[in-house]
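Every number here is computed from the coordinates shown, using simple stated rules; none is lab data. The structure displayed is predicted, hence computed values, not measured ones. Counting neighbours? That spans all protein chains shown, and the Cβs are built from the backbone with ideal geometry, glycine included.
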C-alpha cells in the first residue's frame, strides 16, 4: 500500500485539519510545502491585514518545508515563477514509491512535479479547484488552447481527484476516462463545526455578539472584495426593507469604505453588522447566531468552503449560480434558493422568500442541509484515498 505525499505552496487552514484527520486514522502521508507561508509577515492582501490563523496548521501530521529558490521579486509578483523548489524534486528521488498529490498547475514547482514525479517511481494524483463553468465562460479559442495544453501537461497523471460536480465535468471535458476519476469532495472539519453547533445556544451567542435577539439574521462570510460581490447583498437587503431582519457580514477587505458609505446613505447602520476579520476559532459563534447563509460570489468562487461550514449549523442557503459548490450542496426548494449572479432583485426575492417560510419549513431545510453535508466529509475523502492506496500496489 503506497503512502501519500501531498504538495501545497504553504499551510492552509482548510487543508491542515484534513491531514490531521487522515493521520489520526493511521494513513501513511506526508505534506510537503513550498514555503512556510504566503508571506513571512502573514499579510493577506485581500483581507488588507496580517492574518495569523488560530488553529494549529502544522500539528498532528508529518510535514516538510522546502526552500523556495524563487527571487524576492518573483515571489512578490505571485505569478507562475513564485515557487521554485529544486530540493523537492531531489527529495522525491529518495522517497519510496508513493502517490504524489499535486494541487494545481499554476506554479513552476507544480509543473515540474507533474512532469517528473513518475520518473522517480511515483504515481501521480491531481486535485485542483478548476471547474467547468469557469472554463466555459472563456472565449472559445482560449478553451481550445487550454484543453490542448492541459491534456499535454496532465498526461502523466494516474488519478484525477474531483472535488464536486463542476470539477468532474471539467475533467470529463478534457477527455479524462471515467476510470481515472475519483471523488474526494471539498470538505471542512464537519465534526468540529457540528460539535460547536450543539454546544452554542443562539440566544446566548447573539447576546454576546450584541446582535438583535428576535431578528431573522442573514449571514455572509467572505472577504470584502469584488469577486465576492458584497455590494449585491447590501443592495438586496436595502430593497428588502424589513425591520425584523438583520444582515451580518463576516469578513474584511478593500470594499469596506464603499460598503460603509452605502450603509450610511441607506440609514441601515442599525440593521447591518460588518464584523471585520474573524479567526477560525470564533467563526462558529457567527454561524450559531444566524438563521440563513448567503454567498453572492461571481466567477472565481471555485467552491466556497464557508457554505460547508454554514451547513454544519443547518443553515438554509441562498447562493449565486456561479458559486462553485452550488450544484453539489444546494437543493433548491429543499435547503435553500439559487439566483442568477448579479441579479440584485432576484437575491432580494430569495431573502424575502426565506423570511416568509414558516417554522416547520425552516426546520425541514435545516435538516436537509445537515443530511447533505454528511456526503461532503473527511470520511468520504479517506475512503477514496484508501482505495487508491490499496489498488496502487
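A few remarks follow.
- Alpha carbon centroid spacing (whole Å) that separates segment 83-155 from segment 1-19: 16 Å
- For segment 172-305, share of DSSP beta bridges that run antiparallel, in % to the nearest 5: 10 percent
- The chain: calculated mean residue ellipticity at 222 nm from DSSP helix runs of at least 4, using -39500 (n - 2.57): -11500 deg cm²/dmol
- By the count of other C-beta atoms within 10 Å, a proxy for reagent exposure, 273, 184, 62 are ordered fewest to most as 62, 273, 184.
- Calculated FRET value between residue 81 and residue 267, using beta carbons and R₀ = 45 Å, to 0.05: 0.35
- The angle separating the long axis of helix 280-289 from the principal Cα axis of greatest extent in the chain is about 30 degrees.
- Compared with the dominant principal axis of the Cα atoms in the chain, helix 378-391 is inclined by about 20°.
- Once the C-beta distance of residue 59 and residue 203 is scaled by a Förster radius of 51 Å, the resulting FRET efficiency is 0.90 to the nearest 0.05.
- Reducing segment 289-360 and segment 207-241 to their Cα centroids gives an inter-centroid distance of 13 Å.
- Residue order, fewest to most surrounding Cβ atoms within 10 angstrom, among 55, 12: 55, 12
- Beta bridges assigned by DSSP with both partners in the chain are antiparallel in approximately 5 percent of cases.
- Set of segment 165-198 residues, backbone N closer than 16 Å to the point 7 Å along the Cα-Cβ line of residue 390: 183
- Potential lengthening between residue 239 and residue 379 on full extension [0.36 nm per residue; Cα-Cα distance subtracted]: 46.2 nm
- Listed options for Cα extents along the principal axes in Å are (i) 64, 43, 43; (ii) 94, 58, 34; (iii) 60, 51, 34. The value calculated from this structure is the one marked (i).
- In degrees, nearest ten, helix 140-153 long axis to first principal axis of the chain (Cα): 40 degrees
- Rounded if a/c under 1.5, otherwise prolate or oblate - segment 190-373, Cα gyration tensor axes: rounded
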